[in-house]
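Visitor: Sharing a structure with you now.
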Amino acid sequence: MSEQPENNHIVLEARGVTKHFAVRRNARDLLARTRRTVHAVDDASLRLRRGTVTALVGESGSGKSTVARLLAQLYPLTSGEIHLNGQPVKAGRGRSFRSYVRRVQLIFQDPFASLNPVHTVRYHLTRSLKIHGRAGSGEAELEQNLTALLNRVQLTPPHQYLDKFPHELSGGQRQRVAIARALGADPQVLLADEPVSMLDVSIRLGVLNLLKDLKDRLHLAILYITHDIASARYFADTTLVMYAGRIVEGGDSETVTQRPAHPYTQLLIASAPHPDRAGDEDEPEDNGTGEPPSLIDPPAGCRFHPRCPKAMERCRTELPPRFDLADGQWAACWLYDGTGTRTDDHEKEAAK
């Protein structure tokens, strides 16, 4: 990298980012003269710091991938702001967009779908280098840059991969090529949208370790989107939990995964397979039930209250703000406002 600012420098920041999608109108909507929208993301704020990984965790449909696409400027914002290196980002295409994507690159979930099957690895990487002005002044320099990209993602020896097509590679190798293509821009930020969920379990750890090595060596800021909260504890420095379009909890990964504050985070942890809980007949049955709410007509108050085992009356009508807890942890839950009933040990500890 040409620049080496100190770690923890805020590279990319989302402030109150909101995205609503208009629902395709049908005959009933036309008669009622209404316009329905999907509340995909509401008032999401996060900071990505140089040299650190931030995990965004939640179940399918919670809005995680929409956040990544908003940060990549693939979707226009409904409201809110995005700041890159402290400067507000202007929406639109053209020269400003090209400058933005040189610094912020997106890695998609499915590496086979994100690579053109009729083109070789050489074509994909060469196109990335040329678009971002890093191809060099001649064929020899281009070849050196291609070799350096494949070495960087541990596809060695590079000459064995450059002229292969995507279908000739394994899933893990294809994802490494996708990562190399993103690195061709020399970015400051990687937005990794569930980068290992389409891979075999046996090779997921290798890709995560690669991203961790790139983060350390290139001082990248990484947003790691996943539904696997256990991998967030292993890979991320900070974890944010998202439910039904809203971020409901955040803090350092060890605290959030070991002492979850929000009832939804507690249920995510409880639902993860764990050998110590296998066959445990004494495990409490006080679990949330039901399906996630419709984002076309989300419930009033806390969006988790229809499934929450600890819901109070005010949860049904009032949207909880962010409450700061110990050790930098926070939760958007009325249990932590000082008047709600605290029912578990962590809540009692936070009240001291």
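The values are calculated or read from the model by the stated rules, or taken from the named source; none is laboratory data. Please read all numbers here as calculations on a predicted model, not as lab measurements. Note that each Cβ is placed from the backbone with ideal geometry, even for glycine, and that neighbours are counted across all protein chains shown. Remember, those area values only see protein heavy atoms, side chains included, never the ligands or the DNA or RNA. Shrake-Rupley method; radii C 1.70, N 1.55, O 1.52, S 1.80 Å.
Visitor: Of all residues in region 247-264, count the ones that are in contact (Cβ under 8 Å) with a residue 40 or more places away in the chain and out of contact with any Pro (no Cβ under 9 Å at 6 or more places or on another chain).
Guide: As a first pass, look at region 247-264 and keep what is in contact (Cβ under 8 Å) with a residue 40 or more places away in the chain: 247-253, 255-256, 259-264.
Next, from what is left, pick out any that are out of contact with any Pro (no Cβ under 9 Å at 6 or more places or on another chain): 247, 250-253, 255-256, 259-262, 264.
Of the residues in that region, 12 qualify.
Visitor: Kindly indicate which of 177, 201, 189 is over 23 Å from residue 272 (Cβ atoms), more than 17 Å from the chain's Cα centre (by Cα) and of a type in the set (Val, Ile, Thr).
Guide: Among 177, 201, 189, only 177 is over 23 Å from residue 272 (Cβ atoms), more than 17 Å from the chain's Cα centre (by Cα) and of a type in the set (Val, Ile, Thr).
Visitor: I'd like to check which helices (runs of 4 or more DSSP H) are fully inside region 116-214 and have at least 1 residues that are under 30 Å from residue 61 (Cβ atoms) and open to solvent by 50 Å² or more (accessible area, probe 1.4 Å). Give the steps one after another, and end with the answer.
Guide: Values: elements: 121-131, 139-152, 171-183.
Counting at least 1 such residues, we get 171-183.
Visitor: Just to be sure I understand, how many residues within region 248-257 are part of a strand (DSSP E or B) and either open to solvent by less than 10 Å² (accessible area, probe 1.4 Å) or small (Gly, Ala, Ser) (or both)? Talk me through it step by step, then tell me what you get.
Guide: If we filter region 248-257 for residues that are part of a strand (DSSP E or B), which is where we start, we get 248-252.
If we keep only those that are either open to solvent by less than 10 Å² (accessible area, probe 1.4 Å) or small (Gly, Ala, Ser) (or both) too, we end up with 249-251.
Residues that pass the stated criteria total 3.
Visitor: Can you find a residue in region 64-82 that is farther than 30 Å from residue 292 by Cα and either part of a loop (DSSP other than H, G, I, E, B) or open to solvent by 30 Å² or more (accessible area, probe 1.4 Å) (or both)?
Guide: So far as region 64-82 goes, no, none of its residues is farther than 30 Å from residue 292 by Cα and either part of a loop (DSSP other than H, G, I, E, B) or open to solvent by 30 Å² or more (accessible area, probe 1.4 Å) (or both).
Visitor: For region 36-48, state whether one or more residues are among the acidic types (Asp, Glu), part of a strand (DSSP E or B), touching a strand residue (DSSP E or B) at 6+ places or on another chain (Cβ under 9 Å) and surrounded by 21 or more Cβ atoms within 10 Å (Cβ to Cβ). I'd like the intermediate steps shown before the answer.
Guide: Within region 36-48, the first condition is being among the acidic types (Asp, Glu), and the residues that meet it are 42-43.
The next check asks that each one be part of a strand (DSSP E or B); those that pass are 42-43.
Within this subset, residues satisfying the condition of being touching a strand residue (DSSP E or B) at 6+ places or on another chain (Cβ under 9 Å) are 42-43.
Okay, now just the ones that are also surrounded by 21 or more Cβ atoms within 10 Å (Cβ to Cβ), so 42.
Yes, region 36-48 contains at least one residue that is among the acidic types (Asp, Glu), part of a strand (DSSP E or B), touching a strand residue (DSSP E or B) at 6+ places or on another chain (Cβ under 9 Å) and surrounded by 21 or more Cβ atoms within 10 Å (Cβ to Cβ).
Visitor: Say whether the condition of being over 14 Å from the mean Cα position of the chain (by Cα), within 30 Å of residue 39 (Cα to Cα) and open to solvent by less than 60 Å² (accessible area, probe 1.4 Å) is met by at least one residue in region 231-247.
Guide: yes
Visitor: Also: Condition first: closer than 19 Å to residue 247 by Cβ, of a type in the set (Lys, Arg) and touching a Gly at 6+ places or on another chain (Cβ under 7 Å). Now tell me which residues in region 304-332 satisfy that.
Guide: Within region 304-332, just 307 meets the criteria.
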